[in-house]
Amino acid sequence: KAGVTQTPRYLIKTRGQQVTLSCSPISGHRSVSWYQQTPGQGLQFLFEYFSETQRNKGNFPGRFSGRQFSNSRSEMNVSTLELGDSALYLCASSFTGTKQETQYFGPGTRLLVL
Amino acid sequence: DQQVKQNSPSLSVQEGRISILNCDYTNSMFDYFLWYKKYPAEGPTFLISISSIKDKNEDGRFTVFLNKSAKHLSLHIVPSQPGDSAVYFCAASALRNAGNMLTFGGGTRLMVKP
């Protein structure tokens, strides 16, 4: 069974630009969560999607948004990029996203904002 | 305000000995706890979890202990192996959250010396 895939793996952008990251969950998984990892703040929850609906949202500004498609693939978008958005963005999937299900993480997309 | 804290950024242990990684939390609503392991350039990998109704859970070389009154959990690895060298994250989720929303600690880098 293929794992969680994320594209692209690396990305360089400049301040003010926008970026879209993609996540394909494990086949059959309907819950997709996004996390941001930075050296200063650690791993922080961004949002979770289930059946094309945002079910949970972390404490991030509105510049961070996401969506989920009918095939459970998910995208996250960051508009008006800031230097502080440089981070590793991880997505994780699970079957239904209930609390005691194991979440499987992808390898992440490393974003550098110059 | 960090709700999940791993106060030791790094730990060095000799192969064959016990590794003990610690984690403290402040939010009394957390009722499910997990440990993830992360290698460089990979996403976190689930290791072991524990529900707040238990105080211990074992899986092979890995045991997690939960002390609810102290709001403290620990991961024991016995015996430690060089392949265990990685960054370990503890994570927690809260009763009130539908779906998946994990709060992570800052991580502890474990180095197991041959």
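The values are calculated or read from the model by the stated rules, or taken from the named source; none is laboratory data. Computed from a prediction, not measured in an experiment: that's the story for all the values here. Here the Cβ positions follow ideal geometry from the backbone for every residue, glycine too, while neighbour counts run over all protein chains shown.
Quick notes on this one:
- Qualifying residue in the range A:44-59 (condition: charged (D, E, K, R), more than 11 Å from every other protein chain (Cβ to nearest Cβ) and assigned to a strand (DSSP E or B)): no
- Filtered residues of the range A:1-22 (kept if closer than 16 Å to A:S94 by Cβ and within 11 Å of chain B (Cβ to nearest Cβ)): A:G3, A:V4, A:T5, A:Q6
A quick yes/no check of all residues on (1) small (G, A, S); (2) under 20 Å from A:Q100 (Cα atoms); (3) within 14 Å of chain A (Cβ to nearest Cβ):
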site	(1), (2), (3)
B:G16	yes, no, no
B:Y36	no, yes, yes
B:S52	yes, yes, yes
B:D55	no, yes, no
B:T63	no, yes, no
B:L75	no, yes, no
B:V87	no, no, yes
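- Hits in the range B:98-114 (condition: buried (at least 18 other Cβ atoms within 10 Å of the Cβ) and facing chain A (nearest Cβ under 8 Å)): B:G99, B:N100, B:M101, B:L102, B:T103, B:F104, B:G105, B:G106, B:G107
- Elements of type strands (runs of 3 or more DSSP E) in the range B:1-92, at least 1 residues being surrounded by 18 or more Cβ atoms within 10 Å (Cβ to Cβ) and among the hydrophobic types (A, V, I, L, M, F, W, C): B:10-14, B:19-25, B:30-38, B:45-51, B:62-67, B:72-77
- Annotation note: of A:R110, A:R9, A:R15, A:R63, the sole residue that is of a type in the set (K, R), over 25 Å from B:P40 (Cβ atoms), touching a residue at least 24 places away in the same chain (Cβ under 8 Å) and out of contact with any Cys (no Cβ under 7 Å at 6 or more places or on another chain) is A:R15.
- Scanning the range B:85-99 for residues that are at pLDDT below 85 and under 24 Å from A:G40 (Cβ atoms) yields a single hit, B:A94.
- A:G62 being assigned to a loop (DSSP other than H, G, I, E, B) and facing another protein chain (nearest Cβ under 9 Å): no
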